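What follows is one structure encoded as structure tokens, with my remarks underneath.
Quick note: the coordinates plus some simple rules give every number you see, no bench work behind them. This one's a predicted model, so the numbers in the text were calculated from it and none came from an experiment. Backbone-built Cβ (ideal geometry, glycine too); neighbour counts: all protein chains shown.
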Amino acid sequence: MSNQAKERINTYEVAKKRLQKATEELALPASVYERLKDCDRVVEAALPVEMDGGTLRVFKGYRAQHNNVFGPYKGGVRFHPEVDLDEAKALSIWMTIKCAVARVPYGGGKGAVACDPLQMSAGEIERLSRQYIRAMAPVLGPHKDIPAPDVNTNAQVMAWMTDEYCNIQGYDALGVITGKPLEMGGSAGRETATGQGVMFSVREAAKIKGLDLKNATLAVQGYGNVGSATARFLAREGCKLIAVADIFGGVYDQDGLDAEALYRYCREKGTVKDFPGSKDSITTEELFALDCDIIVPAAMENQITPQVAQNIKAKIIGEGANGPTTPEADEILQEKDIFVVPDILANSGGVVTSYFEWVQNNYSYYWTAEEVAKRLELKMVEAFNHVYDYQRNFGKSITMREAAFMYALQRLADAMKIRGWIR
Ligand code: NAD
């Protein structure tokens, strides 16, 4: 489903449309949209890598820097066979908006490499990661542009990238990248922060919906960094995890899957498929149509299409992934009165804790896991309430997504005006 949907939907066009709509709704000057519809800068680079067999392959790498009115560009690097420049640009717009919603002092950026890391050895991935930094180093820096993990990249990849950047500069510059391992300046809690943040935002939505998280049923699509952490954190809040699906397959048990046992199984096998603690297998389509209280899409963009949305029965959708819902599907979810915590709010725990990591790197003074979790909770609840209050006080009916966009856009417009970027 995802690939077909991606062919039809250009995420960059979707992002621009959302920006335009919010600009018009707020009656902001046209210059706001003109300034934000394009990226400040995009870099496209050829990344030659020697493969294990001795052959040379040249990969395409991208970095999109969208807007830096609030601070350095910030955003993950994605390794995926289907990425292109438009996707990186769309995701960099998302980051600008997300950082403005979360009130962290960053702009928006995003990186991508078109490759299939599932078919590559660790050595090949390391050489590719280092090559990416060699190509992008002139536009990166702790006060310029700060990458982080995203789909198919992790703390190890960030370690190689940071090491390469420090080698090039000839001095320690740990703040150039976040999501690093603890051993080289990572923050306690960063690896699970996005999922923990999704949990906090779903918890706030549940309060509004009058849904008790104890025994609320939960289904999660995508079981990587975000999906696995979200599933475990929500299970610790008492949710009953009934279904999980990843790219290889899905598992289902109406009586509840053991979230910790599933996590251990997936770490060992690299997939949730055939988890012995589950009663049945399940497809992604079936997962979205389940009779359950909460759904967390935590895989890729454009997974919730109108057809999928028609079948959703959940009360709350917590968007762990970026851009998982198409605009047409959004309208259906709104008609069905499903509470959607939009990506730019729900998954902002990752960038918030990246910000904490960067602060710790800059100070060379490190916080405990408890301190990080406490600060993350404060930031997530504060952001949720800003958006929810904005939605309620707007004067006409708008979705949480529209509220988040408008709240962010107003902040961006004010900051750009005061800096003299727009009149
Ligand atoms: P990941 O690579 O760790 O995991 C992705 C998961 O999705 C894997 O389990 C994969 O098998 C699954 N998947 C991919 N395509 C699928 C499909 N068609 N059907 C079912 N499952 C599928 O990636 P991640 O870091 O967890 O990122 C997931 C999403 O969250 C992305 O949209 C990413 O941009 C977003 N996000 C990530 C972070 C972060 O800190 N890592 C922060 C904010 C947002």
*Order the peptides 359-371, 172-184 from the highest to the lowest mean number of other Cβ atoms within 10 Å of their residues.*
172-184, 359-371
*Mind ranking 239-249, 412-422 by how tightly packed they are, going by the mean number of other C-beta atoms within 10 angstrom, highest first?*
239-249, 412-422
*Towards the positive end of the charge dipole of the stretch 34-110, with charges on Cβ (+1 Lys, Arg; -1 Asp, Glu), say which of TYR106, CYS39, MET95 has the farthest Cα.*
TYR106
*Between LYS417 and GLN254, how many nm apart are label points set 7 Å from Cα along the C-beta direction?*
5.6 nm
*Sort largest first and round to whole Å: the equivalent ellipsoid semi-axes of the stretch 344-423, each the square root of five times a Cα gyration tensor eigenvalue.*
28, 19, 8
*Among the DSSP beta bridges whose two residues both lie in the chain, what percent are antiparallel, rounded to the nearest 5?*
50 percent
*asked:* Can you tell me the length gained on complete extension of the stretch SER31 to GLU237, counting 0.36 nm per residue apart and subtracting the Cα distance?
replied: 69.7 nm
*asked:* On a full-extension model of 0.36 nm per residue, what is the gain between LEU182 and VAL139, subtracting their alpha-carbon distance, rounded to one decimal in nm?
replied: 12.9 nm
*asked:* Please report the antiparallel percentage of the DSSP beta bridges confined to the stretch 214-337, to the nearest 5.
replied: 35 percent
*Give me the log10 of I(q) over I(0) for the stretch 46-160 at q = 0.09, 0.13, 0.16, 0.21 Å⁻¹, as the Debye formula computes it from C-alpha points; what are the numbers?*
-0.23, -0.46, -0.68, -1.09
*Protection proxy ranking of 395-408, 312-325 - average other beta-carbon atoms within 10 Å, highest first*: 312-325, 395-408
*With label points built 7 Å along Cα→Cβ from the Cα atoms of ASP52 and ASP212, find their separation and express it in nm.*
5.3 nm
*Additional length obtainable on full extension of the chain from TYR171 to GLU82, 0.36 nm per residue less Cα span*: 28.5 nm
*Rounded to the nearest 0.05, what FRET efficiency is calculated for SER364 and LYS17 with R0 set to 41 Å and r the Cβ-Cβ distance?*
0.40
_Quick check on my link table: of LYS17/LYS180; LYS144/LYS396; LYS144/LYS273; LYS98/LYS313; LYS21/LYS74, which ones sit more than 31 Å apart, alpha carbon to alpha carbon?_
LYS17/LYS180; LYS144/LYS396; LYS144/LYS273
_Area projected by the alpha carbon convex hull of the stretch 193-346, averaged over all directions, nm²_ = 7.6 nm²
*Roughly speaking, what % of Cα-Cα pairs in the chain are separated by over 27 Å, rounded to a whole number?*
49 percent
